[in-house]
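Please treat every number below as a calculation from the coordinates, not as lab data. The shown structure was predicted, so the numbers you read here are calculated from the model rather than taken from an experiment. Note: ideal-geometry Cβ built from the backbone for every residue, glycine included; neighbour counts use all protein chains shown.
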């Protein structure tokens, strides 16, 4: 403090301090002018084009560009002070790191613009929800990569041994990977679901003893609402290890109906029963045209008439079956066709006296 002079603070003349302050002020004002031009003038011109990418880029990059140019102006303004080799070296390192941060910021925003303009519209056209969930992860991975590279370059410029740091991170990453094997398996399982698409949201599937509708497909796990109404969370690794039965993907639901008529039913009655079954099934919506009816067996207690029909995809399976069964009850009762039930006839032989 004894060597401090108001005429030459820190050994630099007041005129140089004033020129430097003026240059810094001009740099800040210039950055604000550039920001105004980008946000007011260039953005209006971009709106007249058909592409939405330029609008998005200008909106996202107007601040980073202004900060980058302003920082460069302030950096060059400080060189007027002629602080010497050591002082200038420290300033250079500081502003190099600052510029790296602003450039990384600009690159991440450019990535955001490209994803929003090109990738998101493609994803919105797909039916799967998994790819919608992968977009945020892709954003984070790309942005994290950019920032990690910027930090490595900044540390290298600051004089740190980046090689030793990276080696240490590699060992730590290996330990973390060993500790997180299950998580990695689940992530790969989610990727398998995304690529193979064995099912989608709202599909009914069977896996590992669970039967239900898929409600949510996540990166680590998938949620299924069982037929009992309970929510089951299954790790995605199970889907790459187990067989999956996608019930919703079946072309049609096959229904086999066996009806037993009493043995006192005549052949005309059996024929009438077969005709009624065909008419009832063919009259219902949601049933395919292929209907097979036949008299196929003499059972112990009944004459068996079989009816095979197919419910169309998307139809209410239980609703269609209920309508058909109720009409069978009504029509058979009206035609006086009786259903058989297990009976036994005992013949008792009398002893002769």
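Placing a pseudo-label 7 Å from each Cα along the Cα-to-Cβ vector at residue 94 and residue 258 gives an inter-label distance of 9.0 nm. Remark: 75, 36 ranked as 36, 75, counting other beta-carbon atoms within 10 Å and listing the fewest first.
Modelled this way, with points 7 Å down the Cα-to-C-beta line, the labels at residue 144 and residue 233 are 2.0 nm from one another. Ordered by the number of other Cβ atoms lying within 10 Å of each residue's own Cβ, fewest first, 226, 108, 192 fall into the sequence 226, 192, 108. Expressed as a fraction of 2.2 N^0.38 Å, the value expected for a compact globular protein of N residues, the C-alpha radius of gyration of the range 188-249 is 0.97. Each of 33, 232, 305 was scored by other Cβ atoms within 10 Å of its Cβ. Listed from fewest to most, they are 33, 232, 305.
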